[in-house]
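Visitor: To start, I am sharing the structure in question, which I have written as structure tokens.
The values are calculated or read from the model by the stated rules, or taken from the named source; none is laboratory data. If you're wondering where the values come from, they're calculated on a predicted model, not measured in any experiment. Using ideal geometry, Cβ is built from the backbone for each residue, glycine included, and neighbour counts are taken over all protein chains shown.
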Amino acid sequence: MESVAQTAFPWVVWFVAVLIAFQMVLMIVAYTVLAERKVLGWIQGRIGPNRVGPWGLMQPFADLLKFIFKEDLVPDKSTKFVYYLAPIVALTCALMPMVVYPFGPAITTVDWSFLPWHLGDGVTTLPLTIARIDVGVLFVLGITSVGVYGIALAGWSSNSKYSLMGGLRSSAQMISYELAMGAAVLGPVLLAGTLDLNGIIRAQQQSFFRWFIIPQFVAFVVFLISAFAETNRVPFDLPEAETELVAGFHTEYSALKFALFFMAEYVNMFTVSVMCAVLFLGGWYVPGLSHLVPEGSIPYAIVSHIVFIGKICAFLFFSIWVRGTLPRFRFDQLMNFGWKFLLPVALVNVLITIVVVYFLNI
Amino acid sequence: MVTNAVFFLFAGLAIACAISMVYHKNPLYSAISLIGVFVALSCIYVILAAPFIAAVQVLIYAGAIMVLVVFVIMLLNLDDDRPLNRLKYLYAVGAGLGLILLVQTFFIFYAVMRAPQNPVVSDVAIGKTLNIGANMYSRYLLPVEIVGVLLLMAVIGAVILVRRLNQPELERVVEDELTRRNQEDEIGDFRISI
């Protein structure tokens, strides 16, 4: 009983659950953009956006309004259908993994029959995951790998040399680093013995030292590096390298279509941060919390959830920090690094993990 | 009831995408349609309680193989006004293969109708990851090994094809390729546009 879809709640409640999760992810993403501008400002000795609202807090909404009211330019020679399809594919594929995120532990101590219209009759468990899929890890990897099409098709359909170069670079880069990422994910999966995201968190629950960042530190580093490449972040932001490609694959996109790509990039950052937190930092698990409040109660769930979001935000901050620190790779360096260093290291790590798991029967 | 409706939705989507893949003149549209077929198929696998196969279908076919296909189409960027001349005998080969496929399909229908109906116990889900892994390394070990050798051969072939040539070797290969293309241009069977 680890997902909302498996409880006796009627489908209205699932719908509300999806809406809440959607809203939460999008709000975090909107404020990641603001945080990025603020933190980059501080790193570079500037103040950052501070005009809209107190301390610039309303900036994301101002940006959104601006995106909506800007003129929507469509290049004359573009392939129209694919040109319109590309941003939709990019954002849809970025948002879909949301349904398997383990947002927190299940609340088991509340009887939900007090809800109006018999919504919660006979239900005592409220899981904080929308849908439980046996192969959650593969689902996230698969859906995000389909996201490449958004970028590749955008580059091709714009009918512009900068866009095409950006799209090609991006597809090459994402295919290359997906392998290293998949191999790095195998380490924690082997230790946990399951592909289920909640199962992986449960496998790390005994103590702080069972967090997979300790036995799988190599996999953690490989995953973090390839996650940066997968999300097209600095130092791997070659698909949109301003100095050589104007803006890469989204050069010809404007107004809301550009906003969709922009959001997709930040939602992807959120996704890899969730995966990092779940696979290596124990997900929502807080060491010692079950001694203070009983497991399954509302405070336990709330504290766990907040800590989980905190872990995700730490990774988001790290990504911004790296952007303010490192220069960009050259393309041949990027390919050599991915294929000749990251992938072998990840594969050797998988081999060692298999041997250790087999002989120690972890 | 709902499962049936969802099945017909995705089955229809898969067939529509397959037809659009065959009928589109533009290779990129065909590739996009093929991706649609894979995604619809993976949804059908989910209905059939095989989430692992579904996830792997999207991850490998839609996410990896088709990306390479799209990549190649984008790089070549074939012109629309110079279609490849299709060879006549290929129509006959296609018709023959299609006929075989049709016979096979009807045979499967026939076999399924004649087979005794065993209700599936829902606890023993065949599509579960653990069962797939256990079966692959015990009952189906030989096919897995054969596929492994096949993939190894493909990897070695790829390495040989893209290996760095020294200068005289490179000149010889380029010369051979140029003569071959000139001959083909004279025959006029098809043209290669770069």
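Visitor: One residue is enough: does the range A:39-60 have a residue meeting the conditions within 30 Å of B:Pro27 (Cβ to Cβ) and part of a helix (DSSP H, G or I)? Walk me through how you get there before you give the answer.
Guide: Keep residues of the range A:39-60 that are within 30 Å of B:Pro27 (Cβ to Cβ), which gives none.
Within the range A:39-60, none of the residues are within 30 Å of B:Pro27 (Cβ to Cβ) and part of a helix (DSSP H, G or I).
Visitor: Just checking, which of A:Ser297, A:Ser254 is touching a Ser or Thr at 6+ places or on another chain (Cβ under 7 Å) and among the hydroxyl-bearing types (Ser, Thr, Tyr)? Give the derivation first.
Guide: Values: A:Ser254 fails: touching a Ser or Thr at 6+ places or on another chain (Cβ under 7 Å).
One residue alone meets the criteria, A:Ser297.
Visitor: Here's a follow-up. How many residues does the range A:202-227 contain that are assigned to a helix (DSSP H, G or I), in contact with a helix residue (DSSP H, G or I) (Cβ under 6 Å, 6 or more places away or on another chain) and closer than 16 Å to A:Val286 by Cα?
Guide: Keep residues of the range A:202-227 that are assigned to a helix (DSSP H, G or I), which gives A:202-203, A:208-210, A:217-227.
Subset that is in contact with a helix residue (DSSP H, G or I) (Cβ under 6 Å, 6 or more places away or on another chain): A:203, A:218-220, A:222-223, A:226-227.
The next check asks that each one be closer than 16 Å to A:Val286 by Cα; those that pass are A:203.
Of the residues in that region, 1 qualify.
Visitor: Considering only residues that are more than 23 Å from A:Asn232 (Cβ to Cβ) and within 14 Å of another protein chain (Cβ to nearest Cβ), look in the range A:60-92 and name the one that is surrounded by the most Cβ atoms within 10 Å (Cβ to Cβ).
Guide: A:Phe81
Visitor: Next question, about the same structure. Report every pair of residues separated by at least 6 positions or lying on different chains whose Cβ atoms are under 9 Å apart, first residue within the range B:9-30 and free of Cβ contacts under 8 Å to residues at least 40 places away in the same chain, second exposed (fewer than 13 other Cβ atoms within 10 Å of the Cβ).
Guide: As it stands, the answer is B:Tyr29/A:Phe81; B:Ser30/B:Val22; B:Ser30/B:Tyr23, since those pairs meet every condition given.
Visitor: May I ask you to list the residues in the range A:32-49 that are exposed (fewer than 14 other Cβ atoms within 10 Å of the Cβ) and on the phi < 0 side of the Ramachandran plot?
Guide: The initial filter retains those residues of the range A:32-49 that are exposed (fewer than 14 other Cβ atoms within 10 Å of the Cβ), namely A:42, A:44-47.
Listed by number, the residues that qualify are A:Trp42, A:Gln44, A:Arg46, A:Ile47.
Visitor: So the check is Cβ under 8 Å with 6+ separation or different chains; which pairs have a first residue in the range B:143-158 that's not assigned by TED's automatic domain parsing to the domain that holds B:Ile132 and a second one that's assigned to a helix (DSSP H, G or I)?
Guide: Sorted first by the residue in the range B:143-158, then by its partner, the pairs are B:Val144/B:Met136.
Visitor: May I ask you to verify whether A:Ala184 is more than 14 Å from chain B (Cβ to nearest Cβ), in a helix (DSSP H, G or I), crowded, with 24+ Cβ neighbours inside 10 Å and modelled with pLDDT of 80 or more? Give the steps one after another, and end with the answer.
Guide: Values: more than 14 Å from chain B (Cβ to nearest Cβ): yes; in a helix (DSSP H, G or I): yes; crowded, with 24+ Cβ neighbours inside 10 Å: yes; modelled with pLDDT of 80 or more: yes.
Considered against the rule, which asks whether it is more than 14 Å from chain B (Cβ to nearest Cβ), in a helix (DSSP H, G or I), crowded, with 24+ Cβ neighbours inside 10 Å and modelled with pLDDT of 80 or more, A:Ala184 comes out as yes.
Visitor: If you don't mind, another one. Working only within the range A:135-148, note down all residues that are more than 7 Å from every other protein chain (Cβ to nearest Cβ) and either over 15 Å from A:Leu179 (Cα atoms) or not in a helix (DSSP H, G or I) (or both).
Guide: A:Gly136, A:Gly147
Visitor: From the list B:Ala49, B:Ala54, pick out the single residue that is over 22 Å from A:Ala152 (Cα atoms), within 10 Å of chain A (Cβ to nearest Cβ) and assigned to a loop (DSSP other than H, G, I, E, B). Lay out the reasoning, then the answer.
Guide: On the way: B:Ala54 fails: assigned to a loop (DSSP other than H, G, I, E, B).
When all the criteria are applied, what remains is B:Ala49.
Visitor: Out of everything in the range A:192-210 that is aliphatic (A, V, I, L, M) and under 21 Å from A:Ile130 (Cα atoms), what residue ends up being nearest to the other protein chains (Cβ to nearest Cβ)?
Guide: That would be A:Leu195.
Matching residues to (1) of a type outside the set (Val, Ile, Thr); (2) in contact with a strand residue (DSSP E or B) (Cβ under 9 Å, 6 or more places away or on another chain); (3) surrounded by 10 or more Cβ atoms within 10 Å (Cβ to Cβ); (4) modelled with pLDDT of 80 or more:
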site	(1), (2), (3), (4)
B:Pro116	yes, no, no, no
B:Pro119	yes, no, no, no
B:Thr129	no, no, yes, no
B:Asn135	yes, no, yes, yes
B:Ile160	no, no, no, yes
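Visitor: Could you please let me know if B:Tyr23 is within 11 Å of chain A (Cβ to nearest Cβ) and farther than 24 Å from A:Gly136 by Cβ? Write out each step before concluding.
Guide: Details: within 11 Å of chain A (Cβ to nearest Cβ): no; farther than 24 Å from A:Gly136 by Cβ: yes.
No, not satisfied.
Visitor: Kindly indicate the residue of the range A:246-259 that is surrounded by fewer than 22 Cβ atoms within 10 Å (Cβ to Cβ) and in contact with a Leu (Cβ under 8 Å, 6 or more places away or on another chain) and also modelled with the highest pLDDT among those meeting that condition. Before you say what the answer is, go through the steps one by one.
Guide: Within the range A:246-259, the subset surrounded by fewer than 22 Cβ atoms within 10 Å (Cβ to Cβ) is A:246-247, A:254-256, A:258-259.
Cutting the leftovers down to in contact with a Leu (Cβ under 8 Å, 6 or more places away or on another chain) gives us A:254-255, A:259.
Working: A:Ser254: 80, A:Ala255: 81, A:Ala259: 88.
Only one residue fits best here, namely A:Ala259.
Visitor: Does A:Ile151 satisfy being within 14 Å of another protein chain (Cβ to nearest Cβ), buried (at least 17 other Cβ atoms within 10 Å of the Cβ) and not in a helix (DSSP H, G or I)? Break it down stepwise before answering.
Guide: On the way: within 14 Å of another protein chain (Cβ to nearest Cβ): yes; buried (at least 17 other Cβ atoms within 10 Å of the Cβ): yes; not in a helix (DSSP H, G or I): no.
No.
Visitor: Here's another thing I want to ask about it. Among the listed residues B:Leu68, B:Leu97, B:Leu59, which satisfies the condition of being within 11 Å of another protein chain (Cβ to nearest Cβ), loosely packed, with under 14 Cβ neighbours inside 10 Å and part of a helix (DSSP H, G or I)?
Guide: B:Leu68
Visitor: Looking only at the range A:154-168, filter to residues that are away from chain B (no Cβ under 11 Å) and surrounded by fewer than 24 Cβ atoms within 10 Å (Cβ to Cβ); which one of those is modelled with the highest pLDDT?
Guide: So the residue we want is A:Tyr162.
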